[in-house]
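The values are calculated or read from the model by the stated rules, or taken from the named source; none is laboratory data. Just so we're clear, the structure is a prediction, and the values are computed from it rather than from any experiment. Glycine gets a Cβ as well: all are built from the backbone with ideal geometry, and neighbour counts include every protein chain shown. Ligands, DNA and RNA are stripped out before the accessible areas are found, and what is left, the full protein with its side chains, is counted by its heavy atoms. Shrake-Rupley method; radii C 1.70, N 1.55, O 1.52, S 1.80 Å.
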There are 4 protein chains.
Amino acid sequence: MSKFKTTLIVALCAAAGLSASTRLRQAPASVTSTHDPKLIEDLVYANRILYDQGVVDAFGHVSARDDKDTNRFLLARSVAPALVTSSDILEFDRNGEPIDAGGRAVYLERFIHAAIYRARPDVKAIVHSHSPAVIPFGVTGTILRPIDQMSAFLGAGAPIFEIRDAAGMTNLLITDNKLGDALAKALGDKAVVLMRGHGSVAVGDSILQVVHRAIYTEANARLQAEAARLGPINFLTPEEAAKADAVTDSKASISRPWELWKARIGKIE
Amino acid sequence: MSKFKTTLIVALCAAAGLSASTRLRQAPASVTSTHDPKLIEDLVYANRILYDQGVVDAFGHVSARDDKDTNRFLLARSVAPALVTSSDILEFDRNGEPIDAGGRAVYLERFIHAAIYRARPDVKAIVHSHSPAVIPFGVTGTILRPIDQMSAFLGAGAPIFEIRDAAGMTNLLITDNKLGDALAKALGDKAVVLMRGHGSVAVGDSILQVVHRAIYTEANARLQAEAARLGPINFLTPEEAAKADAVTDSKASISRPWELWKARIGKIE
Amino acid sequence: MSKFKTTLIVALCAAAGLSASTRLRQAPASVTSTHDPKLIEDLVYANRILYDQGVVDAFGHVSARDDKDTNRFLLARSVAPALVTSSDILEFDRNGEPIDAGGRAVYLERFIHAAIYRARPDVKAIVHSHSPAVIPFGVTGTILRPIDQMSAFLGAGAPIFEIRDAAGMTNLLITDNKLGDALAKALGDKAVVLMRGHGSVAVGDSILQVVHRAIYTEANARLQAEAARLGPINFLTPEEAAKADAVTDSKASISRPWELWKARIGKIE
Amino acid sequence: MSKFKTTLIVALCAAAGLSASTRLRQAPASVTSTHDPKLIEDLVYANRILYDQGVVDAFGHVSARDDKDTNRFLLARSVAPALVTSSDILEFDRNGEPIDAGGRAVYLERFIHAAIYRARPDVKAIVHSHSPAVIPFGVTGTILRPIDQMSAFLGAGAPIFEIRDAAGMTNLLITDNKLGDALAKALGDKAVVLMRGHGSVAVGDSILQVVHRAIYTEANARLQAEAARLGPINFLTPEEAAKADAVTDSKASISRPWELWKARIGKIE
């Protein structure tokens, strides 16, 4: 996977004079001034880290529940996650509509976030991605299950959302609240849901936890696919998964990789 | 895949004094002065991006239909795509002959481009590559089909060109117009054609679209090969592919990755 | 795998002002002043190299038997190996308890090291990792055996530790001396032991040897998994493995890659 | 595979003050002053390129037949190829003994080179490597055959050398002329020979050609292994391979990637 990409990209953008002036012209009232700066900073890091770790490419997005109004959430304008800066973060209402986009384009699939925040009060952050090792599981109906203690949050297996069951033949995208609700229903009370022919969604109780889960969901998919070629897999039992999850998915455990992943990105603006 | 390679390569070339003087001596009337500078710039970026994204190595090439004379097309002299600069872009006639190469070597397989531009008036840009995940499909007769919405342009599957049917035992290369016409016939009205024992060709209605298709053709091949090992694949149906294609292969959708890919390259000369 | 990551990370940390002041505030009596500086330097390089070579990610750790008191060992505080500096190295007693952690968090699984140093007087250095190619072997019960002369230290095959046999349903982690002893027993007199659903442990008679073994264990796992797909594998016989091991696992042989791996990291602090 | 590693490594070495003074002290009469500087430069580039392209790691070596005395050959002292500079190049006689090593260690397996130069007057350069995609072919007895025109030099398939047939149970290494002769016999008049449980050797009529062949042998192994999982492979026929080889293995064709590979390395010392 790529290394220090986002740091270098931003430096290159600056050097090339790309988009900076455009952004300044378009900037609405910044969410930075009205929200916890730490939350915004973590959300920008989350965008960059997910690209650096190979979970998102030019597509995919990460959001956080609003710290001022829990009916709202924070999500970047429509831009590649690797290029997100704090001035790109917008606020959205519970139906997925931007409060003030300042004329900027927003993600078509923001309803993934809106629907899950409505259905799951415990969820504080959401990642949607097309992370490559996970997609083969969705299209073959293979259940993603925890290979090791790092992916114990997968529990007894991640459900797969079949959009045909909800809406027949579509373009596969979650472009309205009805589709969002169907996806949220498939997710249920789990940590991860796969989307057949599309990608996956991970949820968490913090930005750090959801980034951790998104990265280790991809890692588990790589390991499980590889192991399946060697022979039948001895997965974690539900009891092992529950016990391991209590340790590896905890705040203490997830802060160690977060510090490394941030160090790889360096300072952000 | 490699990161920031082309930026660094150009810097290294400059530092090493490689080839620059040679180029100056050989330079014919530059196409830059007689064509839309934006088209030339996009074509140079396309070369660099395709290398950075692992679609081409030292071989492979990308062309654009001429904006001044639709019977002509623009293509670099014979050089690795990662090293292409605007002064390397040459103009070719409808038969694949250079208008003024200034003594510089041209690609042996320029007839791929000439033949497809003749056969497909809708095509404005073409990529030929040996992108690695696609080659195994051609040599095993496995049909490349859309795994997810990003590759919906593959429709009901990419055709495979068998050069033996057209010309018996050859060196596999498309080195004249007769072979080019046979390849164009195999492509038909599709977006992508595989070449058994050789590589593939993608076409598009713009440089941005063809680069997008070339990159996601390779991505789909990786995903499909991986999924095939897990079990039977639930591909997009033709109806799903058509609906998804209308969104994911559109100008609005393909500009987001293009901006990211350009940012990874930085300024070009 | 990533390149020059650790060098860049440290540079980025410095640039970002991350953690440096925190570390200074927390620093206990430094082990650097009371131990062989060469041993500490090698241990810091080992941490960085194992990350650079893809053996460890944010998790995993490497220790060395104490040169002043062979009942003790040296191991970093709880931090990602890529970020380890000499001031992070702590001293632990034979039961895995830190002599003076200066209030800093220590690895939960330090008992892996304590137990093996107790059981194996010949062992001078230990690596625990979740190196990705090895995990599929543990969960499928596939025996890792030497494919080529570089992995001759695997001998007749690496044993697999099943924590369920020792302790039933657990969180998979080696968090006390009882579990550590069970793991050490499974290792026996071998060079490597796999841990089902978790990772693996390599041991050696020096930091250089254990780093070499950890890297080539991962390399062998990649090669063996790939070869298994092509057909039945003609492994090294025990006699070949013993003869090759005498050369490839020797001090003369392992110093060549060590110099390369160090050069990739550059100067450390 | 890694990017710009060798350039950075050398810079890092310089920055770290590693080995430079040692080298100066040990330097014998330099081969640079008595041989074609272009040959030495190409040989140093070959070392660096083979590492940058993932063919060699810390092990493996590349030699060139001596331009002054065709009974002799040029090969680096025992050092990782990524770190080779012109002052590391030594001269060896037809029996694989160094003319003047200046006290420096030489590669154990220099007899690979000596034996093949004796047996094959047409061979001007040799690469020995453990390139990872090739090893699984040797240990499973799978014949490496040309998947596409780039690997046409593989002809009707690369032979596999089984050292047990020549010498029974060994350490797998070619550490004397008798073993070297057995290997050269297995190679015959081919371009590539695989060594079961060890690696492979490629030969060529120039440094450029052998580097090209070593890189595309590894590429072909990756493609063939991948294709074998999709279904039976339609390889190039011997006639196609012969025709393609006349183009893709020619001086005109191999200079394009060589320029790219050199540009990735930058200036050498």
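Could you tell me whether any residue of segment A:206-224 is at the interface with chain C (Cβ under 9 Å from one of its Cβ atoms), free of Cβ contacts under 8 Å to residues at least 60 places away in the same chain and open to solvent by 40 Å² or more (accessible area, probe 1.4 Å)? No, the conditions are met nowhere in segment A:206-224. Applying the criterion of at least 3 residues that are within 13 Å of the chain's Cα centre (by Cα) to the strands (runs of 3 or more DSSP E) found wholly in segment B:27-106 leaves B:61-65, B:73-76.
Taken together, C:G60, C:G54 contain a single residue that is under 27 Å from C:E218 (Cα atoms), within 14 Å of chain A (Cβ to nearest Cβ) and in contact with a Pro (Cβ under 7 Å, 6 or more places away or on another chain), which is C:G60. It is to be established whether one or more residues within segment A:114-127 are within 12 Å of chain B (Cβ to nearest Cβ), in a helix (DSSP H, G or I) and among the hydrophobic types (A, V, I, L, M, F, W, C). No, because not a single residue in segment A:114-127 is within 12 Å of chain B (Cβ to nearest Cβ), in a helix (DSSP H, G or I) and among the hydrophobic types (A, V, I, L, M, F, W, C). Scanning segment B:229-242 for residues that are open to solvent by 10 Å² or more (accessible area, probe 1.4 Å) and in contact (Cβ under 8 Å) with a residue 24 or more places away in the chain gives B:I233, B:F235, B:P238, B:A242. With the structure loaded, tell me whether A:R213 is among the basic types (K, R) and under 30 Å from B:S151 (Cα atoms) or whether it fails that test. Yes: the conditions hold for A:R213.
Every listed requirement among (1) of a type outside the set (A, V, I, L, M, F, W, C); (2) more than 9 Å from chain A (Cβ to nearest Cβ); (3) part of a helix (DSSP H, G or I) is met by B:D189 save one, (3).
Looking only at segment C:118-139, residues that are more than 21 Å from C:V56 (Cα to Cα) and of a type outside the set (D, E, K, R) come to 2 in all. Across segment B:136-178, the qualifying residues are those that are at pLDDT below 95 and closer than 20 Å to A:I163 by Cα, and the one among them that is surrounded by the most Cβ atoms within 10 Å (Cβ to Cβ) is B:G155.
Yes/no matrix, rows are residues, columns are (1) modelled with pLDDT under 95; (2) within 21 Å of D:L208 (Cα to Cα); (3) surrounded by fewer than 23 Cβ atoms within 10 Å (Cβ to Cβ):
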| site | (1), (2), (3) |
| --- | --- |
| D:L12 | yes, no, yes |
| D:T22 | yes, no, yes |
| D:A27 | yes, no, yes |
| D:L39 | no, yes, yes |
| D:L50 | no, yes, no |
| D:V55 | no, yes, no |
| D:D69 | no, yes, yes |
| D:F73 | no, yes, no |
| D:A80 | no, yes, no |
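Please work out if A:L187 is touching a residue at least 60 places away in the same chain (Cβ under 8 Å), more than 22 Å from B:Q224 (Cα to Cα) and crowded, with 22+ Cβ neighbours inside 10 Å. So A:L187 fits the description; yes.
Screening D:G199 on (1) out of contact with any Asp or Glu (no Cβ under 8 Å at 6 or more places or on another chain); (2) open to solvent by less than 10 Å² (accessible area, probe 1.4 Å); (3) closer than 28 Å to D:L39 by Cα; (4) within 11 Å of another protein chain (Cβ to nearest Cβ) shows it passes everything except condition (1).
For segment B:243-261, check the following and say yes or no: at least one residue is more than 15 Å from B:H212 (Cβ to Cβ), touching a Leu at 6+ places or on another chain (Cβ under 8 Å) and more than 7 Å from chain A (Cβ to nearest Cβ). No, because not a single residue in segment B:243-261 is more than 15 Å from B:H212 (Cβ to Cβ), touching a Leu at 6+ places or on another chain (Cβ under 8 Å) and more than 7 Å from chain A (Cβ to nearest Cβ). Of the numbered criteria (1) in a loop (DSSP other than H, G, I, E, B); (2) open to solvent by less than 30 Å² (accessible area, probe 1.4 Å); (3) small (G, A, S); (4) farther than 19 Å from D:I207 by Cβ, the one D:S131 fails is (4). When the criteria are applied in full, A:S253 fails the requirement of being modelled with pLDDT of 95 or more and either over 24 Å from B:L236 (Cβ atoms) or not charged (D, E, K, R) (or both).
Residues that are assigned to a helix (DSSP H, G or I), touching a residue at least 40 places away in the same chain (Cβ under 8 Å) and not hydrophobic (A, V, I, L, M, F, W, C) within segment D:134-147 comprise D:P136, D:G138, listed in sequence order.
Only one of the listed residues (A:A184, A:A156) is of a type in the set (G, A, S), over 25 Å from B:A221 (Cβ atoms) and not in a loop (DSSP other than H, G, I, E, B). That residue is A:A184. Mind listing whichever residues of segment D:83-95 are within 14 Å of another protein chain (Cβ to nearest Cβ) and in contact with a Lys or Arg (Cβ under 6 Å, 6 or more places away or on another chain)? D:D88 - this is the single residue of segment D:83-95 that is within 14 Å of another protein chain (Cβ to nearest Cβ) and in contact with a Lys or Arg (Cβ under 6 Å, 6 or more places away or on another chain). For segment B:159-174, name all the residues that are over 20 Å from B:A202 (Cβ atoms), within 9 Å of another protein chain (Cβ to nearest Cβ) and either in a helix (DSSP H, G or I) or touching a Leu at 6+ places or on another chain (Cβ under 7 Å) (or both). Scanning segment B:159-174 gives a single hit, B:R164.
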